[in-house]
Amino acid sequence: MLRYWKLIGIFTIIILSVGTYYVQAGLASNNYPDFSIQKISGDDKAVEDLTLITRYVSNNHSYGDYLKITREGSVYQSELSYMDRLTGLYIDSEIKRLQKDYRNFMRGKGESIPTFFENEEWLVHVGPFGIDYHETSFEVEMLDKNTKDVTSFQVNIPDKNYQYMNIQDVQMIQDELSIVTRNFYSGGPSQSDTEEFHVYRVDIGNQKIISDDVIYSNEGDYTGSEWTHLGEVNSYSSIGQEDYFVFRLDYVEQDDRADSSMHTRTEYIAYEYAANELVEIDLPDKLKGIENIVHVNGSTIYFIETKEEELQITAYHIENQELNTIDIQTTEEVYDMNYFPIVKNGNMYITNFGDEGANVLVIDTETEELLYEGKVESTDQQSFKDGYLDFNQIIVE
Amino acid sequence: MKNYLKLVDFELKRFINIYFVLIGLTIISQITGVILKSRDYLERANVAIYENSLSLEQFISQNGKLSIHQLLQTGWFMIPIALSAAALIFYCFLIWYRDWFGKNTFIYRLLMLPTARLNVFLAKATAIFLMVLGLVGIQLILLPIENTIFKSIIPVDLRMDMPLNEIINGAGYGYLQILIPNSFVQFLINYGIGFMMVFILFTSILFERSFRIKGIIFGIVYYFVAVTVFLFPIMAEIYWGFGYLYPSEIFVLEIILGLLITVFSIWLSNYLINQKVTV
């Protein structure tokens with residue numbers, strides 16, 4: 001045995017050092033702080049199914065990692081098993097669900113929420129998300145959820161002059177598909193560039209385009225000193241049936257003295273899928289501010305803002321043009337801006353991130369009552385001094 | 001088995017002197033680095049505080065606290081590691097060619113040993129693996145010692161303390177993270193890939209030893225084909241952006257490909273060393 005000392009020596013060093021290191025690493029959790037959602041008032045049941053995906057970043061940027069926070073506590077991405085870590089916490093939860101339930105259909109279809117549509121019967125994908133000028137068709141794939149049959153076909157895009165376009169939403173109305181896109185046209189040397197929202201309607205039966213309607217073009221908005229930018233309003237948050245596609249016009253004004261441009265006001269317009277026409281949205285001036293947090297759910301547009309240190313939600317109902325304001329009395333002070341809302345099962349869930357943590361609020365949209373108020377708290381008091389939480393997504397299972 | 005172990009031990013013995021020199025260099029260089037760089041910093045602190053009459057807080061706000069990460073980014077640390085890596089890669093070639101070109105063509109005796117010739121091949125590979133992992137082990141033992149020295153020189157107010165895994169993970173340019181990854185699975189993957197590459201290289205060398213000039217071409221082609229096959233699923237994803245396979249599927253596919261290539265390389269080497277190799 002003694003003549004093998006080199007072999008045994010090296011072998012022992014490897015086993016002891018590497019073994020000890022990884023056993024220790026396996027036992028000790030990382031040094032990142034743990035977080036959880038703690039109740040201040042209301043019913044804990046309201047946040048039973050709520051998960052926040054965030055990223056904790058230390059102030060000196062020496063580390064940062066994604067984590068999910070629930071009522072019970074938090075789990076960092078680095079604490080997941082190797083296989084789970086491959087998928088990543090930050091991937092959209094709807095996409096994750098679809099990839100799990102329709103694994104084969106979802107192959108190669110990317111992770112862009114606007115390119116998917118789902119109802120009871122169908123899962124539809126229209127791609128690619130970004131189309132540039134040398135591509136001339138939409139790839140449509142439809143999965144019949146009951147029979148598992150996949151229908152796929154290509155439709156030619158009639159308009160050929162775009163520089164590029166992005167798919168903003170896909171809807172299915174009986175045997176038609178409506179594909180909403182935002183198209184960009186470069187204007188040439190003396191003209192300004194143009195942005196347009198288009199709706200392409202596709203007949204599913206004969207797999208052809210029925211119409212290409214420009215629902216808005218900002219070509220005429222340019223006055224020399226003022227122009228508009230088009231933006232969609234949270235088309236990323238839902239893949240289900242929607243009645244309206246809501247978009248915004250951001251007015252920008254040239255400021256000659258400062259040689260810069262300024263965003264002055266915002267207007268909203270809704271496109272009604274079933275009627276294939278635009279619906280005007282008439283808002284009071286105070287809601288035309290640029291810094292409003294806007295969320296669309298069904299036929300309601302929610303504006304979330306801070307008024308005199310209180311949270312104020314204004315709901316605008318597109319079909320009857322009614323406006324109602326909900327004032328929410330919170331125990332804790334809310335942070336101005338940084339509201340991230342979603343509406344699910346009749347409740348609005350709002351997270352509100354600030355320097356010293358984050359507020360979690362659940363509001364019943366029917367009764368307009370605050371069901372729950374809570375706070376993201378850390379096991380370590382230092383956490384919010386040494387670093388900050390970056391919002392990623394809010395999930396209600 | 002006994003023959004194989006004897007051969008491994010024999011292969012280790014033939015490189016052990018240089019190996020010890022590499023270890024010695026690493027230890028001396030890194031510890032010197034810790035002492036010099038720490039003293040440097042302390043010296044600057046002393047000058048700032050006693051001669052320029054800054055307060056401790058002012059000094060820290062200007063210079064920051066010293067962390068071992070700053071020491072790990074110096075040549076004192078990285079050069080011996082790079083040197084050791086280069087030496088072992090070089091020795092992957094030498095471990096074969098010294099047997100042919102050394103005095104009285106030693107390979108002749110090795111191949112005539114009353115044992116399967118594959119054992120010679122496997123013993124050489126094992127010796128390389130043991131020496132690579134041995135150096136990693138030494139580095140893992142060395143880091144806490146260096147951390148202790150660092151702490152004994154720099155007073156607590158001026159330094160940032162951290163546990164071993166953070167020392168490794170946060171080190172500059174992430175070089176320690178490749179050598180000693182965070183998770184054990186990643187460790188197995190990194191070294192699994194490394195050892196697969198050694199097997200592929202050995203097969204290429206045996207091609208050359210079998211067919212000489214023509215063999216160089218065979219060897220190079222084999223090496224690139226094997227590496228390309230291994231990387232193909234990842235490259236396909238990156239270049240064509242299919243997204244057709246899910247990450248977990250690519251992971252499993254890569255493991256299977258890696259194992260297949262390794263087994264194939266060993267099988268091919270076995271054939272070459274038994275049937276084709278010339279002395």
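Quick rundown of the values:
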| read-out | value |
| --- | --- |
| Shielding by partners, peptide A:18-27 (average Cβ within 10 angstrom, other chains) | 5 |
| Contour minus Cα-Cα distance for residue B:43 and residue B:148 (0.36 nm per residue) | 35.9 nm |
| Length-normalised contact order for the stretch A:222-278 - Cα pairs under 8 Å, 6+ apart - percent | 32 |
| By average C-beta atoms within 10 angstrom, highest first, the peptides A:146-158, A:334-346 | A:334-346, A:146-158 |
| Helix B:247-271 vs. chain B, principal-axis angle (Cα, 0 to 90°, nearest 10) | 50 |
| Total formal charge among the other residues, if their Cβ is under 11 angstrom from that of residue A:300, Lys/Arg +1 and Asp/Glu -1 | -3 |
| The stretch B:1-27 residues near the modelled residue B:116 label - backbone nitrogen below 12 Å, point 7 Å along Cα→Cβ | B:1-4 |
| Label point at residue A:86 placed 7 Å out along Cα→Cβ; residues across the stretch B:256-279 whose backbone nitrogen lies under 19 Å | B:256-262 |
| Ranked order, B:76, B:96, A:122, A:5 - accessible area, probe 1.4 Å, largest first | A:5, B:76, A:122, B:96 |
| Distance in nm between pseudo-label sites at residue A:156 and residue B:246 (7 Å out along the Cβ direction from Cα) | 3.8 |
| Within the protein assembly as shown, helix-based [θ] at 222 nm, where runs of 4 or more DSSP H residues each add -39,500 (n - 2.57), nearest 500 | -13500 deg cm²/dmol |
| Given charges at beta-carbon only (K, R positive; D, E negative), |dipole| of the protein assembly as shown in Debye | 8020 |
| Computed FRET value (nearest 0.05) for residue A:41 with residue A:212, which takes r as the C-beta separation and R₀ as 60 Å | 0.70 |
| The stretch A:20-156 - percent relative contact order, Cα under 8 Å, separation 6 or more | 13 |
| Projected label distance in nm at residue A:396 and residue B:278, using a 7 Å step from Cα toward the beta-carbon | 7.9 |
| Check: chain A dipole with +1 on Lys, Arg Cβ and -1 on Asp, Glu Cβ, in debye | 2680 |
| Inter-chain Cβ neighbour average for residues B:136-142, partner chain, 10 Å | 5 |
| Degrees between helix B:75-101 axis and first principal axis of chain B (Cα, 0 to 90, nearest 10) | 10 |
| Other protein chain Cβ atoms within 10 Å, averaged over every residue that makes up A:2-8 | 5 |
| Cα→Cβ-extended label distance, 7 Å offset, between residue A:122 and residue A:379, nm | 4.9 |
| Degrees, to the nearest 10: A:5-27 long Cα axis against longest axis of chain A | 50 |
| Cut-off under 5 Å, modelled amide H: who pairs with residue A:296 long-range | A:302 |
| Residue A:173 long-range amide H proximity, modeled H, under 5 Å | A:178 |
| Anchor residue A:145: lysines whose Cα lies under 16 Å away (excluding residues fewer than 8 positions away in-chain) | A:100 |
| Solvent accessible area, Å² - residue B:36, 1.4 Å probe, full protein context | 80 |
| The stretch B:143-258 - charge dipole about Cα centre, Lys and Arg +1 at Cβ, Asp and Glu -1, debye rounded to 20 | 540 |
| Sequence-distant residues sharing a close amide H with residue B:244 (under 5 Å, placed H) | A:108 |
| Solvent-accessible area of residue A:377 with every protein chain in place, 1.4 Å probe, in Å² to the nearest 10 | 80 |
| Chain A - percent relative contact order, Cα under 8 Å, separation 6 or more | 15 |
| Entries in A:39/A:385; B:6/B:276; A:96/A:344; B:214/B:276; A:307/A:385; A:160/A:208 that, when Cα-Cα distance is taken, lie over 20 Å | A:39/A:385; B:6/B:276; A:307/A:385 |
| Among B:221, B:34, B:132, residue whose mean-square fluctuation peaks in a GNM of chain B (springs only between Cα atoms under 10 Å) | B:221 |
| Lys/Arg +1, Asp/Glu -1 at C-beta; the stretch A:268-396 dipole; positive extreme among A:352, A:295, A:382 | A:295 |
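The values are calculated or read from the model by the stated rules, or taken from the named source; none is laboratory data. Because the structure is predicted, anything quoted here is derived from the model rather than measured. So basically every Cβ, Gly included, is an ideal-geometry build from the backbone, and we count neighbours across all protein chains shown. Just the protein is used for accessible areas: all its heavy atoms, side chains included, with ligands, DNA and RNA removed. Shrake-Rupley method; radii C 1.70, N 1.55, O 1.52, S 1.80 Å.
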